[in-house]
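Working notes for the structure below.
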Amino acid sequence: MDLAKSSVARWEALRTRDAVSQQELDERRSAYAQAAANLAAAEANVERLRQLESFKRVVAPFADVITRRNVDVGDLIDAGGSAGRAMFQLAQTDPLRVYVNVPQTYSQLIKPGQPVVVTQAELPGRAFQGQVARTSASIDTTTRTMQIEVSLPNHDRTLLPKALVELALPLSASQSLVIPVGALLFRGEGTRVAVVDASGRVRLRSVKLGRNYGETVEILDGVAKSDRLVLNPSDSLADGDQVAVATADNAKDAR
């Protein structure tokens with residue numbers, strides 16, 4: 001190409017003195033253009049070969065542990081990657097990410113940045129400190145839970161990926177009263193409880209429910225700490241019924 005370029009320069013100088021014909025100059029220009037095109041094609045082919053050569057080296061997006069190897073030396077790796085199968089599986093062990101599904105009743109209490117304590121049954125006496133990294137900010141309609149992600153440092157590689165752990169969230173305790181679910185009465189006028197007054201008569205009182213803990217339920221309004229409730233009241237129990245309060249000894253004898 002350099003020779004064709006210098007030839008074009010000489011023929012252009014000769015053409016100004018009519019020492020060569022225009023056709024000869026055009027031929028030299030065409031030869032230079034052809035040489036430049038050949039060089040560009042050769043450089044493109046070199047780059048293609050360089051990229052093809054780089055495929056021999058597989059680089060992971062992070063440095064850690066290979067947990068599964070799906071290829072062996074001598075296997076043919078094509079564009080499909082052995083029928084779409086991944087060549088390797090890598091695990092990032094520091095930090096680890098813990099995913100927890102929190103019940104809807106606690107979802108409003110979970111905030112990013114909260115500290116958490118992670119334990120594992122196989123490591124008694126060990127506790128690992130982490131924090132809430134993010135939440136899904138939505139409730140799953142099937143499980144009525146919200147997924148949260150916890151970032152857990154694991155510098156000494158003690159915890160293994162995909163292990164089952166327990167997570168403790170330091171949530172503030174509720175100041176509301178908690179009563180057994182069996183003390184509730186579901187009537188047409190709403191949810192009520194049967195309170196026994198000082199004279200031994202039943203007073204049906206409307207209550208406002210809070211979080212449901214399974215066997216117990218939170219009462220936001222309608223019951224005081226000093227109230228005596230009827231456990232497992234019958235559907236026929238009415239306001240003003242006279243009842244006899246059983247002592248602990250009488251209840252033991254009845255059983």
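All of the numbers you see were taken from the coordinates with simple rules; none came from a lab. Remember, it's a predicted structure, so these values are computed and weren't measured experimentally. Every residue, glycine among them, receives a Cβ derived from its backbone with ideal geometry; neighbour counts consider all protein chains shown.
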Using a basic spin-label model with each label point 7 Å from the Cα along Cα→Cβ, how many nm lie between residue 238 and residue 198?
2.7
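Between residue 57 and residue 30, 0.36 nm times their residue separation minus their Cα-Cα distance comes to what?
On the way: separation 27, 0.36 × 27 = 9.72 nm, distance 4.21 nm.
Length difference between fully extended and current span is 5.5 nm.
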GNM, the chain, Cα, under 10 Å: largest mean-square fluctuation among 131, 51, 34?
34
Which whole-number percent gives the relative contact order of segment 177-254, counting Cα pairs below 8 Å spaced six or more residues apart?
34
Per the Cauchy relation, a quarter of the hull surface: what is the mean projected area of the convex hull of the alpha carbons in segment 177-254, in nm²?
5.6
Would you please state the base-10 log of I(q)/I(0) at q = 0.18, 0.27 1/Å for segment 109-169, with intensities from the Debye formula using one equal scatterer on every alpha carbon?
-0.71, -1.19
Given (1) 1, 6, 11, 13, 14, 12, 12, 11, 9, 6, 3, 1, 0; (2) 1, 4, 7, 8, 7, 7, 6, 6, 6, 6, 5, 4, 4, 4, 4, 4, 3, 2, 2, 2, 2, 2, 1, 1, 1, 1, 0; (3) 1, 6, 13, 18, 20, 17, 11, 7, 4, 1, 0, 0, 0, which label gives P(r) over Cα pairs in 5 Å bins from 0, in percent as computed from the coordinates?
(2)
Under a 10 Å cutoff between Cα atoms, tell me which one of 106, 32, 213 has the largest fluctuation in the Gaussian network model of the chain.
32
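Compute the convex hull volume of the Cα atoms of segment 2-54, divide it by the residue count, and report the result per residue in Å³ as a whole number. All intermediate terms of the calculation are to be shown ahead of the outcome.
On the way: hull volume 2.6 nm³, N = 53.
Taking the convex hull of the Cα positions in segment 2-54, it is 50 Å³ per residue.
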So if R0 is 22 Å, what FRET efficiency would residue 126 and residue 157 give, r being the distance between their Cβ atoms, rounded to the nearest 0.05?
0.95
Comparing 78, 94, 197, which has the greatest mean-square fluctuation in the GNM of the chain with Cα pairs linked when under 10 Å apart?
78
